[in-house]
Each structure stands twice: as C-alpha cells, then as structure tokens.
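To start, the structure under review is shown below, and the notes come after it.
The values are calculated or read from the model by the stated rules, or taken from the named source; none is laboratory data. Please read these numbers as outputs of a predicted model, since none were measured by experiment. Cβ: placed from backbone, ideal geometry, glycine included. Neighbour counts: every protein chain shown. Quick note on the areas: whole protein, heavy atoms, side chains included, nothing else; ligands and nucleic acids left out. Shrake-Rupley method; radii C 1.70, N 1.55, O 1.52, S 1.80 Å.
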Amino acid sequence: MAPSSSRTAALAAVAVEPRRTELREFPLPEIAPDAGLMRIEAAGVCGSDWPMYLNAKPGPRILGHEMIGTIERLGDIARARWGVNEGDVVALEEYLPCGHCEYCRTGEYRSCLETDTRLAGSVRYGSTPLAVAPALWGGYSQYLYMHPRTVVHRVPPGLKMHIAAMALPIGNGFQWAFLDGGAGPGKTVVVQGPGQQGLGCVIAAKTVGAELIIVSGLARDERRMQVARELGADHTIAVDQADLVAEVTRITGGRMADIVIDVSGAGPEIVNPSVALLRKRGVLLAAARKGAVPGFDINQVINRQVILRGTRGHSFGAVELALRTMASNRFPLERMSSHVVGLKDVDEALRMTGGETAERSIHITVAPWS
Ligand SMILES: [Zn+2]
Ligand SMILES: [Zn+2]
C-alpha cells in the first residue's frame, strides 16, 4: 500500500437513496489553516443512522458520526487550537458547536444552537449532504474533513480502533446514567433496552458504584442480555416473558428503582409502567423518543414526586469519562463489538442495526481500509 500521505482521493459509502449506499471516490480537499483532514480508522454504526438511512430528503450524504482516526493534515491555527499534531489518534464528536455560547463554555455542546440539525444551515458529522463542500462529512469513508469547529478527544494509547469507536455510545452511558440520572453508591438503576447505549449505561452505572443494575429487553435479545451481565448487570429481565414491575418489586424487596433509563425501542406504552418502577423521588430518564403518550398519568408523577428528565447526546466530560474507563480494561468491551465490516458492507450493517436482518448486532464498526 502506498503511504497514505501520497493519496489524493477518498473512497466513501454514500447514502444515495433510502436503503442504498454506493461507493464513490472524492478528491481530498485543500486544508485551510483552521481545519484538518483525518484518516478514518473506525466508525461506529449508531442506532440513529437507521432513520437517516431511510430518509433521502437532505440529498446524498456520507453517514457515520462516531469516528476514530489519525490526523493526516492539520492547519497551523487548528494545531494550536486543538492541541494535537499530525499522527495523533483522536475520537471526534458528531457536533460542530459554536464554541462560545453559554452551553459550549460548559462543554454542553449538545445544547448549542449550532448542533441542532433541525435548524437550516447547520452542519454535523454524519448527516450533512455532499452538496455542502467539501463533501467528506461522514464516517463511512476513508477520510473526513475536520471542520474548524471540530471537537477533538485524544484516544488513550493501547485502545484498539474498533473498541475506541464505542466512545460515543459509552459516553452517552456516562451522561445518562451518571451525570443526568445520578447513579452512584447505593442506587438501584433499571436500564430499559440492552442495545449499545443501554450497555453504555450499564458500564457507567457499574463504574460509579451503583448497588444494583437491572436491564430489561426482549427474549430475542438474549445475546445482548448475556453481554449486559458480563459488563456488570445484576439481573436481566425479558419483558415478553415476565412482568417487569413484579420482578423489580421482588428483586428490590419493594424498595423499587432510584433511576429508570429508557433507551428501548418500545413505544409510548412503556412510559406509565416506567414510572411504576420508581421509588418515591426517583428519576425517570427519557432517552428514546416515543411521541405523544396516550393516558400519561401526571398524578403518578406528583404522588411519587418523581423527576421526569429528557436527555440526548453527551457532554465533553462524558466522552472523556468513557475513553478513560475504556482504557482501564475493567470491562470485556470486546464482547460488545459484534461486527467489524468494510465500506462495501455498510448497507448490510445499517440493515442489521435497523433490526431487518435475522442476525442481531450489538455494536458494529465500519473499518474503511479493510
Ligand atoms: Zn450516534
Ligand atoms: Zn455554542
């Protein structure tokens, strides 16, 4: 293979229409003093890629927003601003925040107006169309354009690329279970949904010393439940085989949960029973969109004095916590990585993530040079 510095083009899987990507080659862009170019080593497939794969409206684009890579080219301003050099291995966030608003000043890039993709003209890794120059905005590609507002994390030495590619789902776990949910010593945490984000919550809850971790899912998720137990879940419950409220009552001796995190693919019918899992003054953390909830009982919220909190994404600090925990080798993270695929198999990986294949995935990494 020729040295990468001599390369002038990038191969990428472009989402051209619903349910179809096509391999295309792109010229590598000129890099301004405040920007950079990353050679992508691994990109994690996220559950949120699935709705984007089905939606062709923004125009053809390169999906993938959980990238690990080596900095290939760097402008002088970017080098000084980001504190990194060519050759460094970094993890990027999907956000391209303004950097100076009140939220950005506290690392809460997820709340910055610039990271809200519902606003016209906003850019973000893994969802910006090819029509916005220089086209290389997504992780399912050999190279990525590093925009001046890129958020860079150093990857600790020794972490394998397909493991480091879980920095964002595990970062979400730290954000939701610990920073937003308040998991800690003595706490009982129920995680609804054993996908990669739910497993990230298990890792975070275990790391911060939660007393009891219960994961719920469907019977067909047994492989994911098995991994949840290996990561530290004390109990796993298949909700299509057992009554979740009755089981949590039994396991906790009637004390119930301090924190319930909904990261499941279930519909709005899960919301009222989720409140019923909580002890008084417990926290229900809603991290999976449900739409309107028919029959939502606000009296239940008042009577039990529970806190209902919506959350999405991660802060800068949550991703740092994830990377340090991943480097500690305390968890069998290899068990979470169910597939590593090349660019030509991005369609298959996305369909698997969307639950359309017989084989169930946990975390899939796209390795664009394999
Ligand atoms: Zn994601
Ligand atoms: Zn901002």
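Starting from segment 293-370, pick out the chymotrypsin sites (Phe, Trp or Tyr not before Pro) whose DSSP state is loop and whose Cβ has at most 16 other Cβ atoms within 10 Å. Working shown, then result.
On the way: sites: Phe296, Phe316, Trp369; in loops: Phe296, Trp369.
Sparse-neighbourhood loop chymotrypsin sites (Phe, Trp or Tyr not before Pro): Phe296, Trp369.
Between Arg250 and Arg335, the distance separating the two model label sites (each 7 Å from Cα on the Cα→Cβ line) works out to 2.3 nm.
In the context of the full set of protein chains, segment 1-94 has a per residue accessible area of 43 Å² (1.4 Å probe).
With the simple model of a label 7 Å out from the Cα in the direction of the Cβ, Ile302 to Asp76 spans 6.5 nm.
Comparing Gln226, Gln192, Gln175 in a Gaussian network model of the chain, where Cα atoms under 10 Å apart are tied by springs, the biggest mean-square fluctuation is seen for Gln226.
Highest mobility in the GNM of the chain, judged by mean-square fluctuation with C-alpha springs under 10 Å and restricted to Ala242, Ala327, Ala165, is found for Ala242.
For Gly69, neighbours were defined as the other residues whose beta-carbon sits under 15 Å from its Cβ, and their charges (Lys and Arg +1, Asp and Glu -1) total -2.
Count neighbours as other Cβ atoms within 10 Å of each site's Cβ, and list the GluC sites (Glu not before Pro) in segment 266-370 that are DSSP loop with at most 10 such neighbours. If you can, show how the numbers build up before the last one.
Details: sites: Glu269, Glu320, Glu334, Glu348, Glu356, Glu359; in loops: Glu356, Glu359.
Listed in order of number, the matching sites are Glu359.
For Ser48, the accessible surface of its heavy atoms amounts to roughly 50 Å² (probe 1.4 Å, protein chains only, rounded to the nearest 10). Comparing Pro157, Pro58, Pro273 in a Gaussian network model of the chain (Cα springs below 10 Å), the most mobile by mean-square fluctuation is Pro157.
The portion of the accessible surface of the chain made up by carbon and sulfur, rounded to a whole percent, is 52 (1.4 Å probe; DNA, RNA and ligands excluded). Are there trypsin sites (Lys or Arg not before Pro) in segment 286-327 that DSSP puts in a loop and that have at most 13 other Cβ atoms within 10 Å, and which ones? Sparse-neighbourhood loop trypsin sites (Lys or Arg not before Pro): Arg289. Per residue, segment 246-370 exposes 47 Å² of solvent-accessible protein surface, assessed with a 1.4 angstrom probe and all protein chains in place. Around the Cα centre of segment 204-282, unit charges on the Cβ atoms of Lys, Arg, Asp and Glu (plus for the first two, minus for the last two) sum to a dipole of about 240 debye.
What net charge is computed for the residues neighbouring Gly44, neighbours being all others with C-beta under 11 Å from the C-beta of Gly44, Lys and Arg scored +1, Asp and Glu -1? Don't skip to the end; give the middle numbers.
Details: positive: none; negative: Asp49, Glu66, Glu94.
The answer is -3.
In plain terms, the chain from Lys290 to Glu25 could stretch by 91.6 nm, reckoned as 0.36 nm per residue minus the Cα-Cα distance.
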